[in-house]
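Read through the structure below, which is laid out as C-alpha cells, and then see the notes.
Since every read-out is calculated from the coordinates, none of them should be taken as a lab result. Since the model is a prediction, treat every value here as computed from it, not as a measurement. Here the Cβ is made from the backbone with ideal geometry for all residues, glycine too, and neighbour counts use every protein chain on show.
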C-alpha cells in the first residue's frame with residue numbers, strides 16, 4: 001500500500017532541520033519501499049504493507065527522534081485517503097483560482113462538531129474553515145502570514161495536533177502517489 005507521510009514543523013528557519021535524503025534513507029532502512037520526498041518541508045511518499053497508518057506514525061516519529069534527533073509529529077495517510085482529501089475539498093473555486101491560499105490541515109484525531117464550531121467562531125478575519133474527519137480545509141483570502149488563524153489557535157480549538165499543506169502541495173503529493 002502506498003502512503004503519504006507529512007512531518008510537522010520541520011525545516012523552518014533555525015528549527016528542526018531534516019534533510020529529505022536523510023529522511024528517505026531512514027524510511028528505506030525501516031523497510032519502507034521506494035521513499036520519495038517532495039519539497040523540503042517534510043513530505044514523503046512510500047510503500048508499506050505491514051502496518052496501519054497509526055502504527056506507521058508511531059514507528060516514524062520514534063525513528064526520526066532516535067536517528068535524526070528531531071521530536072515532531074508524523075501524519076500518515078494512505079493513497080486512497082489522500083485521494084478522498086482531494087475529492088472532498090469543499091472549496092473548489094479557491095482550489096482553481098487561488099490554490100496558494102487554500103490549506104489542508106491533517107489532524108491526529110477527528111474533532112467533534114462543537115470543537116469545529118468553536119474554531120469557526122474564533123475567526124476574526126475573512127478566513128473560512130470546514131472540517132471532515134481528520135482533515136480541516138482552510139481558506140486564507142488575505143494571506144496566511146498575517147492571519148490570526150494560526151496553527152496554535154486551530155490546534156487549541158480543535159483539541160488535536162495538525163500539520164498543514166497548501167493546495168498546490170496537496171495536488172503534487174496526489175500526483176506523486178500515482179506516479
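Binning the alpha carbon pair distances of the stretch 88-177 at 10 angstrom intervals from zero yields the distribution 18, 54, 27, 2, expressed in whole percent. Note on residue 28/residue 49: beta-carbon distance plugged into 1/(1 + (r/R0)^6) with R0 of 22 Å gives a FRET efficiency of 0.90.
Note: the stretch 124-179, Cα convex hull, 95 Å³ per residue.
Can you compute the FRET efficiency between residue 80 and residue 112 using 1/(1 + (r/R0)^6), with r the Cβ-Cβ distance and R0 = 25 Å? Round to the nearest 0.05. It would help to have the intermediate numbers written out before the result.
Working: r = 24 Å, r/R0 = 0.97.
It comes out at approximately 0.55.
For the chain, find the longest principal axis of its Cα atoms and tell me its angle to the long axis of helix 167-177, 0 to 90°, nearest 10. Helix 167-177 and the main axis of the chain meet at about 30 degrees.
How many Å³ per residue does the convex hull of the Cα positions in the chain occupy? Don't skip to the end; give the middle numbers.
Working: hull volume 19.8 nm³, N = 179.
Residue-normalised Cα hull volume stands at 111 Å³.
Computed on the stretch 21-173, with alpha-carbon pairs under 8 angstrom and 6+ residues apart, the relative contact order is 21 percent. Please give, to one decimal in nm, the separation of the simple spin-label points placed at residue 66 and residue 130, each 7 Å out from Cα toward the Cβ. Between residue 66 and residue 130, the simple spin-label model gives 4.2 nm.
Between the alpha-carbon centres of the stretch 92-112 and the stretch 129-179 there is a gap of 5 Å.
Computed from Cα atoms, the angle from the helix 20-29 axis to the main principal axis of the chain rounds to 50 degrees. Computed over every Cα-Cα pair of the stretch 40-99 and binned at 10 Å starting from 0, the pair-distance distribution P(r) comes out as 19, 39, 27, 15, 0 percent.
Using only C-alpha atoms and all pairs of different ones, pull out the Kirkwood radius for the stretch 2-79 in Å with one decimal. Could you put the intermediate results ahead of the total?
Values: mean 1/r = 0.0824 Å⁻¹.
Here the Kirkwood hydrodynamic radius works out to 12.1 Å.
Would you mind checking the tilt of helix 53-68 against the longest principal axis of the Cα atoms of the chain, expressed as 0 to 90 degrees and rounded to 10? With rounding to tens, the tilt is 70 degrees.
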